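Novice: Sending over a structure as structure tokens; questions will come in a sec.
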Ligand code: ADP
Ligand code: MG
């Protein structure tokens with residue numbers, strides 16, 4: 001787990017944490033092995049610009065591995081991963097301009113909320129006045145403006161995850177990748193955070209992939225889902241359609257629609 005945000009953005013253009021130009025993600029015949037074990041087996045998926053997309057599947061199905069491959073972490077896969085026009089396979093993570101939020105958010109404990117969010121901008125030598133503006137905008141978007149001077153240990157889990165989101169979006173990534181970002185939260189908070197996450201995603205208009213093993217979570221907030229098992233995409237579609245017409249016995253069983 002990296003201690004700092006995995007978000008990368010080498011651009012020096014002024015930005016305002018507003019809407020990012022949405023890009024398509026085109027995953028073409030992507031395979032990946034750890035040693036002799038193939039964990040992604042020829043994945044083909046096209047995610048529309050601005051779409052809120054879910055990778056849904058049981059533990060071990062390859063969701064995180066695929067997400068990490070999009071971000072540029074882990075072994076180099078076979079196949080192509082296009083972000084907009086650019087095939088990013090083989091390029092360094094920090095050149096991809098992709099933002100990633102993990103299940104455990106690992107904020108810097110010795111830095112205030114504002115400093116945590118500013119960290120990625122400091123690294124990019126963004127001028128102080130602009131940093132302040134963008135940090136404020138990002139904190140406002142996640143509803144954490146009033147906590148700017150607090151320290152992570154003074155925040156609840158949900159609040160820490162909001163700060164982690166702010167830290168990721170502040171650098172205006174092209175794509176937002178969320179790996180089970182709500183799994184560490186208690187059930188009530190998780191339900192509320194879903195709606196907030198959806199609102200944030202719509203406001204940013206950013207192409208987003210949300211990884212979860214929780215079908216209700218995927219179904220309530222995502223435009224489309226890809227159901228995964230054993231490194232294979234079993235079905236892609238809108239939640240209602242997948243639920244009403246499961247493509248095979250695995251999907252039916254996993255969604256509990258088998259009868
Ligand atoms: P999910 O996120 O769907 O739970 P993962 O992508 O984490 O699944 O894992 C898919 C498969 O790849 C699992 O069988 C897992 O054990 C294996 N795997 C993941 N990461 C590694 C690794 N670094 N080394 C070896 N095997 C791994
Ligand atoms: Mg995972």
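Novice: In the stretch 112-136, which residues are more than 14 Å from residue 99 (Cβ to Cβ), buried (at least 16 other Cβ atoms within 10 Å of the Cβ) and modelled with pLDDT of 95 or more?
Specialist: Across the stretch 112-136, the qualifying residues are 112, 113, 114, 115, 116, 118, 131, 133, 135, 136.
Novice: Another question about this same structure. With respect to residue 253, determine if the residue is surrounded by 17 or more Cβ atoms within 10 Å (Cβ to Cβ) and either in a helix (DSSP H, G or I) or out of contact with any helix residue (DSSP H, G or I) (no Cβ under 6 Å at 6 or more places or on another chain) (or both).
Specialist: On the way: surrounded by 17 or more Cβ atoms within 10 Å (Cβ to Cβ): no; either in a helix (DSSP H, G or I) or out of contact with any helix residue (DSSP H, G or I) (no Cβ under 6 Å at 6 or more places or on another chain) (or both): yes.
Considered against the rule, which asks whether it is surrounded by 17 or more Cβ atoms within 10 Å (Cβ to Cβ) and either in a helix (DSSP H, G or I) or out of contact with any helix residue (DSSP H, G or I) (no Cβ under 6 Å at 6 or more places or on another chain) (or both), residue 253 comes out as no.
Novice: Kindly establish whether residue 55 is under 14 Å from residue 236 (Cβ atoms) and within 12 Å of ligand 1 (Cβ to nearest atom). Talk me through it step by step, then tell me what you get.
Specialist: Details: under 14 Å from residue 236 (Cβ atoms): yes; within 12 Å of ligand 1 (Cβ to nearest atom): yes.
Yes.
Novice: In addition: Please enumerate the residues belonging to the stretch 25-40 that are within 11 Å of ligand 1 (Cβ to nearest atom) and in contact with a strand residue (DSSP E or B) (Cβ under 8 Å, 6 or more places away or on another chain). Steps first, please.
Specialist: Residues of the stretch 25-40 that are within 11 Å of ligand 1 (Cβ to nearest atom), as a first pass: 32-40.
Selection gives 32, 33, 38, 39, 40.
Novice: Of everything in the stretch 183-201, what is modelled with pLDDT of 90 or more and in contact with a helix residue (DSSP H, G or I) (Cβ under 7 Å, 6 or more places away or on another chain)? Give them in sequence order.
Specialist: 193, 194, 197, 198, 200 - these are the residues of the stretch 183-201 that are modelled with pLDDT of 90 or more and in contact with a helix residue (DSSP H, G or I) (Cβ under 7 Å, 6 or more places away or on another chain).
Novice: With respect to residue 48, determine if the residue is within 24 Å of residue 239 (Cα to Cα), at pLDDT 95 or above and either more than 9 Å from ligand 1 (Cβ to nearest atom) or surrounded by fewer than 20 Cβ atoms within 10 Å (Cβ to Cβ) (or both). Steps first, please.
Specialist: Details: within 24 Å of residue 239 (Cα to Cα): yes; at pLDDT 95 or above: yes; either more than 9 Å from ligand 1 (Cβ to nearest atom) or surrounded by fewer than 20 Cβ atoms within 10 Å (Cβ to Cβ) (or both): yes.
So residue 48 passes the test.
Novice: Quick check: anything in the stretch 202-210 modelled with pLDDT of 95 or more, within 16 Å of ligand 1 (Cβ to nearest atom), under 25 Å from residue 113 (Cβ atoms) and in a strand (DSSP E or B)?
Specialist: yes
Novice: Something else now. Could you say whether any residue in the stretch 198-213 is over 25 Å from residue 60 (Cα atoms) and surrounded by 24 or more Cβ atoms within 10 Å (Cβ to Cβ)? If you could, list the steps in order and put the result at the bottom.
Specialist: Pass one, the stretch 198-213, residues over 25 Å from residue 60 (Cα atoms): 198-206.
Restricting the remaining residues to those that are surrounded by 24 or more Cβ atoms within 10 Å (Cβ to Cβ) gives 206.
Yes, that holds for at least one residue.
Novice: Still on this structure, please answer the following. Please find, within the stretch 218-238, the residue that is surrounded by the most Cβ atoms within 10 Å (Cβ to Cβ) out of those that are closer than 23 Å to residue 187 by Cα and free of Cβ contacts under 8 Å to residues at least 40 places away in the same chain.
Specialist: Within the stretch 218-238, the match that is surrounded by the most Cβ atoms within 10 Å (Cβ to Cβ) is 219.
Novice: Here's another thing I want to ask about it. Could you please find all residues in the stretch 60-82 being surrounded by fewer than 20 Cβ atoms within 10 Å (Cβ to Cβ), within 15 Å of ligand 1 (Cβ to nearest atom) and over 19 Å from residue 101 (Cβ atoms)?
Specialist: Hits for the stretch 60-82 are 60, 75, 76.
The values are calculated or read from the model by the stated rules, or taken from the named source; none is laboratory data. Note that the structure is a prediction, hence the values are computed from the model and not measured. Glycine gets a Cβ as well: all are built from the backbone with ideal geometry, and neighbour counts include every protein chain shown.
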